[in-house]
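What follows is a single structure, written as structure tokens, with notes after it.
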Amino acid sequence: MYKKVLSCAVWGIDGRIIGVEVDISDGLPTFSMVGYLSSSVKESAERVRTALKNSNFYLPPKRITINLTPADIRKDGSGFDLPIACALLMCLGIELENGLSNTIIIGELGLNGSIRPVTGILPMLSHSFEQGYDTCIVPFDNVNEAMLVKGLKVIGLKSLESLKAYLLGDEPDFYGVGGSIYADEAAKGYDVDFSDIKGQLSLKRGMEIAAAGFHNVLMTGAAGAGKSMIARRLPTIMPKLSFEEQMEVTKIYSVCGLLTTQDKLIHERPFRSPHHTSSGYALVGGGHIPKPGEVSLAHNGVLFLDELPEFSKNALEVLRQPLEDRQISISRVNASYIFPSDFMLVAAMNPCPCGNYPNMSKCSCSPMAIKRYQNKISGPLMDRIDIHMAVEPLNYEEIFEADTGECSDIIRQRVEGARERQLFRYKQEAISFNSQLSSKLIQKYIRLDSECEALLKSTFTTQELSARGTFRILKLARTIADLEGHEDISLSNLAEAIFFRNHKLTEENI
């Protein structure tokens, strides 16, 4: 007897429809699986057989063949257990009252017949719904995630007994239509706030500009000056995620298994802070079947690299391509995978190995050691960072001042106003922020008067800027003008952009 049901596999951060074919015929008793399978899928044979036995379903001593189609796509994961068991139950003669046409089945089985949650439910079901499949059967613990797909009929089951009962016409453990609940849940508040930061007015201003235009930032200063503290508060002033951006981020976290059974839609912009011992593969992703790395987990959010020179040279250099292209392309023999990586890079470093340069009364490093330490960051990578800020240590009065400064909500209002101007300006383009402007779009949307032209030309000559560095100054100036609500870039806007592009620590700052 032959039966077929449909399932889905994760493909990058998308899905692919997989057919699950089961045939039971006369012959020597075997249980074979074919279809370009990974080891985790091959293990489904034992899980399914034992789960059926412990749920009082007995397989006949016949030749059982299971084929997962198409055969040229490698299948990975444990989500094929449930569709295989469902097709086997149909071969055993269960008469369907609830049909399975246009139904996607995904789930892992425990040896006791329980149905366990799997990763990647959201991207798989989003793809399935786009392909015209309007119903899904998923583990009960994956219901919250499945309900994010608007219009999808979601059936949640807890065990093989529940599956049999549903096939025979009984009510499932859960039934709902995606989008009717969960998706509009309000975002949670942050535990930190910009008002926690004492002093550092220039640093706060730079972070506000960075948040408004999604510009990359490098902070240089001694340990304890507040670099990590302000970086962790950056998401609190960034524009709120749109629903489409929330779905993109949630898909990535779903594929990586970072959503709990209680998680629904991710509302806050991600903040990722990998340790400096992280490899290049950990940052950009990879593996035999590639998975997203830190740059993708930071998509639409912040990737914070503390102690930047301590990262390996290879790990830093692999960041150059995603910083420019805003996506990662990973090629394998059988396929190519594309992961989104549109993140804001925020990096922090000490000015020297001991952290006290240029205060030579405290710095114990030789000039050669200082130069070698700072040269760990390549010129091409530095050129891709828009804002360079010197973080000066606080004095005693600043540490204990009573004035807390502006809170994150007030700053965010200005940032969101600047973003609205950018969205309106670039509504005909495939970009959302000034930092995403190409050289062609810079010529289209940025105009300078004669005074600004003269200042930019002088800066280009005296500071020996590259073309990329010059364009990044223009992008910064455009963002500063948007924060002030001006359509034209003024001389003060350009001067401030030049300052934040080239702000260095000097002994006079200390």
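The values are calculated or read from the model by the stated rules, or taken from the named source; none is laboratory data. No experiment lies behind these values; they were computed from the predicted model shown. Quick reminder, even Gly has a Cβ in these numbers, built from the backbone with ideal geometry, and neighbours come from all protein chains shown. Keep in mind that these areas ignore ligands, DNA and RNA; they rest on the heavy atoms of the full protein, side chains included. Shrake-Rupley method; radii C 1.70, N 1.55, O 1.52, S 1.80 Å.
Miscellaneous remarks
- Local net charge near ILE446, Cβ-Cβ under 14 Å (Lys/Arg +1, Asp/Glu -1): +2
- Residue-averaged [θ]222 nm for the chain, counting only DSSP H segments that reach four residues, each worth -39500 (n - 2.57): -10000 deg cm²/dmol
- Degrees, to the nearest 10: 121-130 long Cα axis against longest axis of the chain: 80
- Rounded to whole numbers, the Karplus 3J(HN,Hα) couplings from phi for the range 4-19 are 9, 10, 10, 9, 8, 10, 6, 9, x, 10, 10, x, 9, 5, 10, x Hz, using 6.51 cos²θ - 1.76 cosθ + 1.60 with θ = phi - 60°, and x at Gly and Pro.
- Per-peptide average of other Cβ atoms within 10 Å, ordering 73-84, 107-118 highest first: 73-84, 107-118
- Entries of LYS4/LYS150; LYS264/LYS475; LYS164/LYS264; LYS198/LYS457; LYS227/LYS427 with Cα pairs more than 31 Å apart: LYS264/LYS475; LYS198/LYS457; LYS227/LYS427
- Where labels lie 7 Å past Cα in the beta-carbon direction, separation of LYS313 and GLN413 in nm: 5.1
- Aspartates and glutamates with Cα under 13 Å of LYS440, excluding same-chain neighbours fewer than 8 positions away: GLU429
- Taking Cβ atoms as reference points and 11 Å as the exclusive limit, the residues near GLY113 contribute a net charge of +3, counting Lys and Arg as +1 and Asp and Glu as -1.
- For the chain, the Rg and Dmax computed from alpha carbons only, in angstrom: 27.7, 88
- FRET efficiency for LYS4 and GLU244, using Cβ-Cβ distance with R0 set to 41 Å, rounded to 0.05: 0.75
- Shape call, the range 273-391: gyration tensor on alpha carbons, a/c limit 1.5: prolate
- Area of ARG468 that stays accessible when all protein chains are in place (1.4 Å probe, Å², to 10): 80
- Rounded, prolate or oblate (a/c below 1.5 giving rounded, otherwise prolate when a/b exceeds b/c) for the range 403-510 by Cα gyration tensor: oblate
- Acute angle (nearest 10 degrees) that the helix 467-484 long axis makes with the longest principal axis of the chain, alpha-carbon atoms: 90
- If you wrap the range 1-139 in the convex hull of its Cα atoms and look at it from every side, the mean projected area works out to 7.8 nm².
- Helix axis angle, 201-213 relative to the chain longest principal axis, alpha carbon, degrees: 50
- Residues ARG425 and SER450, FRET efficiency given R0 of 25 Å [Cβ-Cβ distance, rounded to 0.05]: 0.60
- Ranked by how many other beta carbons lie within 10 Å on average, peptides 350-363, 333-346, 471-484 from highest: 471-484, 333-346, 350-363
- Cα gyration tensor category, rounded, prolate or oblate, for the range 92-179 with a/c compared to 1.5: oblate
- Here HIS275 sits with roughly 100 square angstrom of accessible surface, probe radius 1.4 Å.
- Relative contact order computed over the chain (Cα-Cα under 8 Å; 6+ residues apart), in percent: 13
- Label-to-label distance, nm, for residues given as LYS457 and TYR281 (7 Å Cα→Cβ offset): 5.3
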